[in-house]
Amino acid sequence: MRDWPRGVIPFGGDYNPEQWPREVWREDIAAMQRAGVTFVSLGIFSWSWVEPSDGTYDFGWLDEVMGLLAAADIAVDLATATASPPMWLAQAHPEIAPIDHDGQRLWPGSRQAWCPSSATFTAYATRLAEAMARRYHDHPALAMWHISNEYGCHNTPCFCDTCAVGFRDWLRQRYDSLDALNEAWGAAFWSQRYADWSQPLPPRRTPTFPNPGQTLDYRRYQSDALLQQFLAERAVLLEHSPGVPITTNFMTMRHFSHLDYHRWAAHLTEPVDRISTDHYVVDLLADPWAEQAFCGDLTRGIAGGGPWLLMEHSTSAVNWQPVNRPKPVGGTIRDSLTHVARGADMIGFFQWRASRAGAEKFHSALLPHAGEDSARFAEVCRLGEIAGRLGEVSGSRVESQVAILWDYDAQWATQGPALPSAQVQYPDLAIEIHRALRERHVPADVVYPGADLTAYRLIIVPTLYLVSDAHAAAIEAAVATGADVLVTYFSGIVDERDHIRLGGYPGAFRELLGVRSTEFAPLRPGEVVALSGAHSGSVWSEDVALAGAEAVLTFTEGPAAGHAAFTRYAVAPQGGSASGVRWYLATRPDRDTLAEIVGTLCASAGVEPVLPGAPDGVDLTRRRAADGRSWVFAINHTDLARTVPVTGVDLVTGRHTGGQCEVPAGGVAVVRED
Ligand code: GLA
Ligand code: ZN
């Protein structure tokens, strides 16, 4: 094996040479070198090429490609090649096909047509992983193993009979008895009582609303089933290829919520495992950059605050949105460095060369259909140069005084159905608040409620509908040691079984916040209600009564008129110990109001921006190394040049800023501070 590229931010992407004739491979390698590519992810969808029939391997072509890459000093993140089972396996074992919600079988002919619970699949996948590990464990191109690909992207949830059996086993481990299961699922309701372990089912299509406890447990089970598939391959690699780092690419994007990545990350440990993710800009979002920045910070949270790897993003258009627009000139570099600014220590893309056939032939790549004679390839080469100069930031950590809590159980539970308002979408307020902080140049970590919260000055708890007793206690403990906290509506409502916390809302946080509501009054789609001052709210209101807290803003119209909309509760410190200020927000404020609220919170908590006096429209973060060196990343989202007050060498241009760093329109600066 070889080391992961050093002295640079590794730069490259998925390489699928099996889609091209041999002659193209040498051209590929030469063009990769011109572009400054230092790593590729190889073999992700190559199962049918390395194992063309059951138990017969053809490593010849892969040996050749690995040899070419080794000779070119390009590191390989080598896939176990198990993401998509080959036709021979689908034919021999039709039972590994996933079954959807309606009982429809998902056929081969696309990708990832395998059931998360299938032991047959595990047997074939681990056999291939072993063959790959035996063949390549000491290859001079091998730098990292890449297990499967984007677990759960297409094959979960599966509702097949194998999953039903797996689910029952999982339930028996979670609940000692059927009584405990019946209690957890609230099965007294609608005669759902289970009298035998053969009875629990996946939440297949039902006449009306399925049991929410069953649905929530099924999501947990599917995530765990895929985790077991990952761990099975990982165990094979540890045995047959010890010492080589291992990763699997997550999908920390707003629209993907199938896996509990915090639970996964608990099984991925240093020094073996690397957290990597894929991120694609979703054009349809009102503010794609807000989601992009948020997801970078979420990935860092999953990585425990340390560096992570950006395995994939796109140089330009994707092929899976209704309309696929290219990125503006400079957009490839800007998006890549946005991730590095948020802790990524690698810049990866799907894919090296744009395909000429297949379902992704219109997806952009490092090398476009047009070839090297294209503006995009020129930008790719420029990015390669920049990545080559950014090596010194590797291993440094992003600084933040603010935590935004994120929890997959809470997300799953708020995906309903049959909740007070379908307008409450779990990520909405989290991303809105994150965006308002970003606009003030205040970075935030997006972290699991079970993370260490003690070092933060401000903790944001957005829509944490489901919260365990332990997590509620951790939040309280952080406040007791001085952190300020903002809790937003529809938080603290249920426990981890999705059972209501009785006695008034917001359940778990009532006493902490010094407020109590007795009825929710969600607003209709498009409905906006006035708040005191020139403020307004939408989506939510409730009959907040003050029980210690004071009203900062009040609903002046709508179903909760006269009740507090935003409250503040400052408890006098006891015996010299600090106690943070507790804020409760009972509506979704308009953008200006939210900006004002976030300003108030930061001032109260003593949260500082990355740089004082920085211009609007520029994202700022600071990464700091253990030896104290620091780098300010400035991402200019405006179409005018902006001047950022920072002194040091800009690694993008190589020039000293002289105190005022000019960041071009749509451009980026990375300044090593003097
Ligand atoms: C995912 C996959 C890639 C490719 C891209 C397209 O991230 O991992 O194989 O399909 O999407 O955007
Ligand atoms: Zn299944």
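The values are calculated or read from the model by the stated rules, or taken from the named source; none is laboratory data. All values derive from a computational prediction rather than experimental measurement. Methodologically, a virtual Cβ is constructed for each residue, glycine included, from the backbone with ideal geometry; neighbour enumeration extends over all protein chains shown. Heads up: the accessible areas ignore ligands, DNA and RNA and are worked out on the full protein's heavy atoms, side chains in. Shrake-Rupley method; radii C 1.70, N 1.55, O 1.52, S 1.80 Å.
Percent antiparallel among DSSP beta bridges with both residues in segment 402-605, to the nearest 5? Spell out each step's value before the answer.
Details: 20 of 36 bridges.
In segment 402-605, approximately 55 percent of DSSP beta bridges are antiparallel ones.
Using a/c under 1.5 as the rounded threshold, could you call segment 563-669 rounded, prolate or oblate? The axes a ≥ b ≥ c are square roots of the C-alpha gyration tensor eigenvalues, and prolate needs a/b larger than b/c, oblate otherwise. Walk me through the numbers on the way to the answer.
Details: a/c = 3.84, a/b = 1.74, b/c = 2.20.
Oblate shape, in that a/c is at least 1.5 and b/c is the bigger or equal ratio.
Translational diffusion coefficient of the chain (Stokes-Einstein, Kirkwood radius from Cα pairs, 4 °C, 1.567 mPa s): 49 µm²/s. With a cut-off of 20 Å on the backbone N, the residues of segment 351-377 near the modelled label site 7 Å out from MET87 along Cα-Cβ are 356-361.
Shown are HIS535, HIS258, whose ranking by accessible area with a 1.4 Å probe and every protein chain present, most to least, is HIS258, HIS535. Three principal axis extents of segment 402-605 based on alpha-carbon atoms, in descending order, are 43, 38, 32 Å.
Kirkwood radius and radius of gyration were both taken over the C-alpha atoms of segment 310-422, and their ratio Rg/Rh is 1.09. Count Lys and Arg as plus one, Asp and Glu as minus one, and take only other residues whose Cβ is under 12 Å from that of GLU439; the net charge is then -2. Compared with the alpha-carbon gap, the fully stretched path from ARG134 to ALA188 is longer by 14.1 nm at 0.36 nm per residue. Near CYS661, the amide H atoms lying under 5 Å from its own belong to VAL644, VAL646; only residues 5 or more places off or on other chains count, and H is placed 1.01 Å from N. GLU392 sits among other residues whose Cβ lies under 9 Å from its own Cβ, and their net charge, with Lys and Arg +1 and Asp and Glu -1, is +3.
Using just its DSSP H runs of length 4 or more, each adding -39500 (n - 2.57), the chain gives a mean residue ellipticity at 222 nm of -9500 deg cm²/dmol after division by all residues. How long are the semi-axes of the equivalent ellipsoid of segment 554-603, defined as square roots of 5 times the Cα gyration tensor eigenvalues? Whole Å, largest first. The answer is 26, 15, 6 Å, longest axis first.
Separation of segment 383-404 from segment 297-359 is 15 Å, based on Cα centroids.
The C-alpha atoms of segment 618-673 occupy a region whose extents along the principal axes are 36, 20, 16 Å, arranged from largest to smallest.
Across the options LEU390, VAL402, PHE350, the greatest Cα extent toward the positive end of the charge dipole of segment 347-435 (unit charges at beta carbon of Lys, Arg, Asp, Glu) belongs to PHE350.
Derived value for segment 105-196: Kirkwood hydrodynamic radius 16.7 Å. Basis is the mean of 1/r over every pair of different alpha-carbon atoms.
Here the label points at THR454 and ASN319, each 7 Å from Cα along the C-beta direction, are separated by 5.2 nm in the simple model. At what distance in nm do the modelled label points of ALA530 and ASP283 sit from each other, each positioned 7 Å from its Cα along Cα→Cβ? Between ALA530 and ASP283, the simple spin-label model gives 4.1 nm. Distance between the C-alpha centres of segment 76-117 and segment 172-198: 32 Å, rounded to the whole angstrom.
Below 13 angstrom from the Cβ of ASP543, what's the summed charge of the other residues (Lys, Arg +1; Asp, Glu -1)? Please list the in-between numbers first.
Values: positive: ARG516; negative: GLU519, GLU542.
Its environment carries a net charge of -1.
Given their separation in residues at 0.36 nm each and the Cα-Cα distance between them, ALA359 and ALA480 gain 38.1 nm when the chain is fully extended.
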